[in-house]
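The values are calculated or read from the model by the stated rules, or taken from the named source; none is laboratory data. Computed from a predicted structure; not experimentally measured. Quick reminder, even Gly has a Cβ in these numbers, built from the backbone with ideal geometry, and neighbours come from all protein chains shown.
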Amino acid sequence: MTPDHRYRTTGGPTAGRPADGPVLAVDQGTSGTKALVVCPERGVIGSAAVPVTPRYGAGGAVEADPAELLASVLDAGRAALADAGEPVRAVGLANQGETVLAWDPATGEPLTDAIVWQDRRSEPLCAELSDHAEELTELTGLPLDPYFAAPKMAWIRRGLTREGVVTTSDSWLVHRLTGAFVTDAATAGRTQLLDLDSVAWSRDALDVFGLADERLPEVVDAAGHFGTTTAFGPEVPLTGLLVDQQAALLAQGAVRPGEAKCTYGTGAFLLAQTGDRPRRSRAGLVSCVAWRLGGEPRYCLDGQVYAAASAVRWLTDLGVISGAADLDRLGSGVPDAGGVSFVPALAGLAAPWWRGDLRGSLTGLGLDTTAGHLVRALCEGIAAQVAEVASAVAADLGGPLTTLRVDGGLTRSALLMQTQADLLQIPVEVSALPDVTALGAAAVARLGLDPELPLEAAVPEWKPSAVYEPRVRPDEAAQRLADFRAAVDGLLEAR
């Protein structure tokens, strides 16, 4: 393929260093796996994507076939290497974060399906443990919610199997690739079993979830040597591991306190860098490890919107639109949402409300409501939730964000991005580089090859492809957000 010359590392040429050659970066996500072959000088020289199909069921069930997850990693990685037509020095892996499964450590065979991060079946278990909620949040930085891995792990142990080990999906994938039994510190921080201050497994949290006797993976840095693999061809080391949203934060160049990004994928995830000490949120956000390098952790605040692209897919499945490409075409045909209000809480409300029991609402419909009004209302609902997260970040940091860097498939929608800038009242900068999560995995893989490489030299140079400036007055933005909050309040009061 033609090299992507938009990719440049911020630290200039690195010729002659151990990390000089290309690396294979694999991003195993909820709806697919993307693989890139990344060269620090020539950019992306090979790429491939393989879809993954989660299964949705009653009671909030969201599952995936582990065999499909592994096959997607292998197929995407091999295809990207074939596209590049040259060998790589190392492999980096990004993962879904909170998706878990039980598996046999002797054979590597899965013992359960993968329970995807969106799965809500551990809600009764969380309700049972509600007396420990404050303790868990203080210990781990995470609110007690089925979104995180530990409730799912305990749910598996109570209802599915007591055999083998139960871990996040990255540990299983790494074991299948290299035989190692590890997880990076940022992924471990998504379990609600990691002590936020010591960045070690918390005995107290394990006791709360009834997981004290579990064999857990070693918590490692994001960059290192985690074994070797021949899964993609000639033997190469696995040198980079990082959870997906933190990988995107790194690739967006948000490495200094106060810098923030939002990724619009299956959900929307806003992360703000807070530096070398954890800042426990008082505004309903998650405080977690951004990454650990050289034994030194960096932290971030994290806010989640559970349904972004999945809400677009829902509207597509209903036949209202034919896909995300219709957002701008239909939405631009009307001047506003026509009085329609959409709270796209199709998988519950996350930060800052943490009400997974709620479901979405669509109000203000009339005989004159068109598909364009529904599209406008959906974009408004997604953007309003992100704005609420940004407001919580500002409260925790003691000052508002000045810009927001964004990536992900839905950033192709000018309507959504303009709506986001209008509601935030700050510039929204769209990444010029696609697949930033995989680029973050490539960055830590290069750091694993060369521990002396400066962090800034490993990440892509930041250059936006587009900048959306607010086009509405602050009072209009405030009113639109107030209308959205009123719709959310209506849901809260109804339950």
Regarding S130, is this residue modelled with pLDDT of 95 or more, surrounded by 24 or more Cβ atoms within 10 Å (Cβ to Cβ) and polar (S, T, N, Q)?
no
Regarding Q420, is this residue crowded, with 18+ Cβ neighbours inside 10 Å, assigned to a helix (DSSP H, G or I), polar (S, T, N, Q) and modelled with pLDDT of 95 or more?
yes
Condition met for G210 (free of Cβ contacts under 8 Å to residues at least 60 places away in the same chain and of a type in the set (G, A, S)):
yes
Between V334, V289, V312, which is closer than 15 Å to E380 by Cα and crowded, with 21+ Cβ neighbours inside 10 Å?
V312
Residue count for the stretch 230-246, restricted to those that are part of a strand (DSSP E or B) and buried (at least 24 other Cβ atoms within 10 Å of the Cβ)
6
Across the stretch 153-188, the tally of residues that are in contact with a Gly (Cβ under 7 Å, 6 or more places away or on another chain), of a type outside the set (S, T, N, Q) and closer than 27 Å to D302 by Cα stands at 1
Which residues, taken from the stretch 430-449, are surrounded by fewer than 23 Cβ atoms within 10 Å (Cβ to Cβ) and in a strand (DSSP E or B)?
V430
Filtered residues of the stretch 280-299 (kept if in contact with a strand residue (DSSP E or B) (Cβ under 7 Å, 6 or more places away or on another chain) and either free of Cβ contacts under 8 Å to residues at least 12 places away in the same chain or closer than 12 Å to L142 by Cα (or both))
R280, S281, L285, V286, S287, C288, V289
Exception for G258 within (1) out of contact with any Cys (no Cβ under 9 Å at 6 or more places or on another chain); (2) at negative phi falls at (2)
Restricting the stretch 103-118 to residues that are modelled with pLDDT of 95 or more and touching a Ser or Thr at 6+ places or on another chain (Cβ under 9 Å), the one nearest to G356 (Cα to Cα) turns out to be V116
Pull out all pairs, ordered by first then second residue, where Cβ-Cβ is under 8 Å, the residues are six or more apart or on different chains, the first lies in the stretch 243-271 and is closer than 14 Å to V428 by Cβ, and the second is hydroxyl-bearing (S, T, Y) and in a strand (DSSP E or B).
Q252/S431
When restricted to T161, T167, the only residue on the phi < 0 side of the Ramachandran plot and in a loop (DSSP other than H, G, I, E, B) is T161
Is there a residue in the stretch 299-306 that is in contact with a Lys or Arg (Cβ under 8 Å, 6 or more places away or on another chain) and either among the hydrophobic types (A, V, I, L, M, F, W, C) or surrounded by fewer than 20 Cβ atoms within 10 Å (Cβ to Cβ) (or both)?
yes
Read through the list (1) outside any loop (DSSP other than H, G, I, E, B); (2) farther than 15 Å from G189 by Cβ, then give the number of the only condition that G258 fails.
(1)
Does P470 fit the bill of being closer than 30 Å to N95 by Cβ and part of a loop (DSSP other than H, G, I, E, B)?
no
For the list (1) more than 20 Å from the chain's Cα centre (by Cα); (2) over 21 Å from P40 (Cβ atoms); (3) surrounded by fewer than 24 Cβ atoms within 10 Å (Cβ to Cβ), I need the number of the one condition that E452 fails.
(2)
Residue check for L378: crowded, with 24+ Cβ neighbours inside 10 Å, under 20 Å from the mean Cα position of the chain (by Cα) and assigned to a helix (DSSP H, G or I)
no
Pairs returned, first residue in the stretch 53-69 that is closer than 16 Å to Q28 by Cα, second residue that is part of a helix (DSSP H, G or I) and among the hydrophobic types (A, V, I, L, M, F, W, C), beta-carbon separation under 8 angstrom, 6 or more apart or interchain, are P66/W172; L69/L173
